[in-house]
Amino acid sequence: MTRPAQHLPAARRGRDRRARILPAHQGTRHATGRHTVAVVGGGIAGLAAATALAERGVAVTLYEREPYLGGRAGGWPTRLRDGTTVTMSRGFHAFFRQYYNLRGLLRRTDPALARLAGLPDYPLLHADGLRDSFRRVPRTPPWSALGFAALSPSFRMRDLPAMDPVRALPLLDVRVPDVYHRLDDISAYDFLEAIRFPAQARHLAFEVFSRSFFADPRQLSAAEMALMFHIYFLGSAEGLLFDVPRSAYPAALWEPLARYLERHGAEVRTSSPVEHVTPAGAAGFDVAGGRDEHRYDAVVLALDATGLRSLAARSEQLGDPAWRQRVARLRPAPPFLVTRLWLDRPVASGFGGLDNISVLDRWEDEAARWAARTGGSVVELHAYAVDPRAARTAEQRHLVEQLHRVYPETRAATVVDARHEWREDCPLFPVGGYADRPTVHTSDPGLLVAGDCVRTDLPVALMERAATTGFLAANALLKRWGVRGQALWTVPDRGRGAVLRKAAEWASR
């Protein structure tokens with residue numbers, strides 16, 4: 001049964017006093033009529049939309065095709081050869097302190113965020129042996145970027161005179177959507193070439209962010225890379241370290257949120273793929289899944305790029321022709337591989353590398369219990385932007401070989417069990433693609449779109465873009481029905497200092 005919302009939690013800012021608030025639109029605290037919404041997709045975007053709506057008395061039905069929630073940050077049970085039931089997932093995720101809206105969502109069931117643990121460092125290891133650390137880097141811009149450069153062994157003073165600092169100055173004042181107008185037509189790789197950024201430092205300072213989008217720098221829009229630089233280096237005072245869940249994703253994050261939604265009257269349907277959505281004029285939308293078809297006042301499509309494109313293709317009357325064409329042009333980033341190994345012995349230490357190495361038993365309780373009981377360790381390896389033509393077994397073998405380079409002691413380890421997850425459903429942000437991406441709004445006020453593939457004129461990315469667009473979709477419906485919306489936060493939407501902004505303006509002329 002739905003209960004009135006007395007104190008609707010808002011996403012909270014962190015330590016950055018310049019974080020930007022987007023106040024909620026005004027309205028009644030609770031829906032006065034019966035409004036029904038189908039949220040299609042139970043990832044972060046769908047959960048955010050469903051939460052904001054259900055809290056305000058809207059009757060929400062959440063459809064998720066998988067048997068679990070969380071989308072790409074979800075997890076599911078699997079049984080190892082030793083008889084242990086463990087949780088497998090699609091890989092490590094970093095919950096940065098800049099993710100104000102995502103953290104606001106998680107605070108619904110964990111007000112102090114006690115289920116998250118801060119990692120003391122996230123070292124970056126280059127193939128030639130250079131190692132960078134964020135542990136001692138200042139958190140407040142511009143000292144964060146300057147400190148990283150000063151402390152990093154990959155930044156060499158003799159390389160700096162060769163740079164073109166004037167062409168790099170626009171990075172000091174990143175604004176959305178202006179950054180896309182300036183840099184969307186050049187790749188991240190070509191932009192770094194143009195400013196003659198030192199090759200060794202490039203991998204550690206920029207390409208790490210590029211590969212966070214699961215894309216090769218030659219394919220990624222320089223605007224997206226510049227936005228990441230703003231979010232983590234020069235735009236926010238939250239710093240470069242982050243939190244991770246203390247438990248597997250379902251137990252730490254999504255199962256409590258599902259119970260929270262149900263207490264607010266929402267119906268959560270996992271293992272429920274939606275086959276098609278059909279507009280019913282002023283009566284709303286018919287949503288068909290399996291043998292069931294139900295009518296709703298509005299629909300939020302909170303799907304990944306591939307899922308959105310597929311559902312739109314099956315729902316021939318949905319949206320207008322221009323919207324359908326834009327959705328049809330969506331493409332995923334290249335495949336990525338997550339390999340998780342349960343080893344019979346511990347490794348010496350845990351840090352990020354390859355594209356990523358994570359020693360899960362250092363922070364996740366389920367992995368730690370298995371490691372304590374067996375004397376082993378649980379190690380996860382990531383490969384991003386894998387060549388689609390690559391042989392899977394060869395790539396899996398290559399990842400393990402790289403593990404042996406980083407942790408020589410694992411050469412003698414026995415693999416108790418292994419899981420390999422190949423996926424190709426992350427959004428691609430190609431050169432020149434910004435204008436063609438779908439937005440939260442469509443031509444139909446009752447049809448909204450949310451997810452990390454969705455364009456929004458806010459400085460957000462990755463999981464935070466998913467959460468933010470989910471809340472924005474809910475706000476659009478709540479405003480239509482005269483119900484108070486959800487306040488949002490972002491990192492500052494421009495360069496932090498007047499001098500830096502003036503320098504960027506001068507360089508852009």
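As an equivalent ellipsoid, segment 428-509 spans semi-axes of 28, 17, 11 angstrom, where each value is the square root of five times an eigenvalue of the C-alpha gyration tensor, largest first.
For the chain, what % of the accessible area comes from carbon and sulfur atoms, probe 1.4 Å?
Working: 10670 of 20890 Å².
The value for the chain is 51 percent carbon and sulfur by accessible area.
Only helices enter the 222 nm calculation for the chain: every DSSP H run of n ≥ 4 contributes -39,500 (n - 2.57), and dividing by all residues gives -8000 deg cm²/dmol, rounded to 500.
Ranked from largest, the principal axis spans of the Cα set of segment 284-433 equal 59, 35, 23 Å. Each residue of segment 13-65 gets 97 Å³ once the volume of the Cα convex hull is shared out per residue. Look at the dipole of the chain built from charges on Cβ: of Thr410, Val379, Phe229, the Cα furthest out on the positive end belongs to Phe229.
Rounded to 0.05, the FRET efficiency of the Ala194 and Arg135 pair, given R0 = 41 Å and the Cβ-Cβ distance, is 0.80. Divided by 2.2 N^0.38 Å, where N counts the residues, the Cα radius of gyration of the chain comes to 0.97. Across all Cα pairs in segment 463-504, the calculated P(r) in 10 Å bins from zero up to the longest distance comes to 24, 33, 23, 18, 3 percent per bin. Treating each Cα of segment 10-114 as one equal point scatterer and applying the Debye formula with no solvent, the log10 of I(q)/I(0) at q = 0.22 Å⁻¹ comes out as -1.28. Close amide H contacts of Cys426 (hydrogens built in the peptide plane, cut-off under 5 Å, sequence separation of 5 or more or a different chain): Ala333.
Give the whole-number value, in cubic angstrom per residue, of the convex hull volume spanned by the C-alpha atoms of segment 355-397. Could the numbers behind the result be given before it?
Working: hull volume 3.6 nm³, N = 43.
For segment 355-397, the hull spanned by Cα atoms encloses 84 Å³ per residue.
Taking a label point 7 Å from the Cα of Arg345 along the Cα→Cβ vector, which residues of segment 366-402 have an amide N closer than 12 Å to it? Output list for this probe position: 376-377.
So what is log10(I(q)/I(0)) for segment 273-367 at q = 0.11, 0.13, 0.17 1/Å, when the Debye sum runs over its Cα atoms only? Values returned for q = 0.11, 0.13, 0.17 Å⁻¹ are -0.57, -0.66, -0.79. Span-like helix criteria (full DSSP H runs; alpha carbon extent of at least 27 Å along the helix axis; mean Kyte-Doolittle hydropathy of at least -1.0) are satisfied in the chain by 462-480.
Per the Debye formula on identical point scatterers at the alpha carbon atoms of segment 361-509, with no solvent, log10 I(q)/I(0) at q = 0.08, 0.13, 0.18 Å⁻¹ is -0.47, -0.93, -1.09.
Look at the dipole of the chain built from charges on Cβ: of Pro279, Gly432, His25, the Cα furthest out on the positive end belongs to His25. Between Arg182 and Thr393, the FRET efficiency from the beta-carbon distance, with R0 = 60 Å, is close to 0.85.
Rounded to the nearest 0.05, what FRET efficiency do Ala283 and His404 have when you use their Cβ-Cβ distance and R0 = 56 Å?
The computed FRET efficiency comes out at 0.35.
In the calculated pair distance distribution of segment 206-302, what percentage of Cα-Cα distances lie above 23 Å? Mind dumping the intermediate values first?
Numbers: 2763 of 4656 pairs.
Result: 59 percent of Cα pairs exceed 23 Å.
The values are calculated or read from the model by the stated rules, or taken from the named source; none is laboratory data. Computed from a prediction, not measured in an experiment: that's the story for all the values here. As a convention, Cβ positions derive from the backbone with ideal geometry for all residues, glycine included, and neighbour counts pool all protein chains shown. In case anyone asks, the SASA skips ligands and DNA or RNA and just uses the protein heavy atoms, side chains included. Shrake-Rupley method; radii C 1.70, N 1.55, O 1.52, S 1.80 Å.
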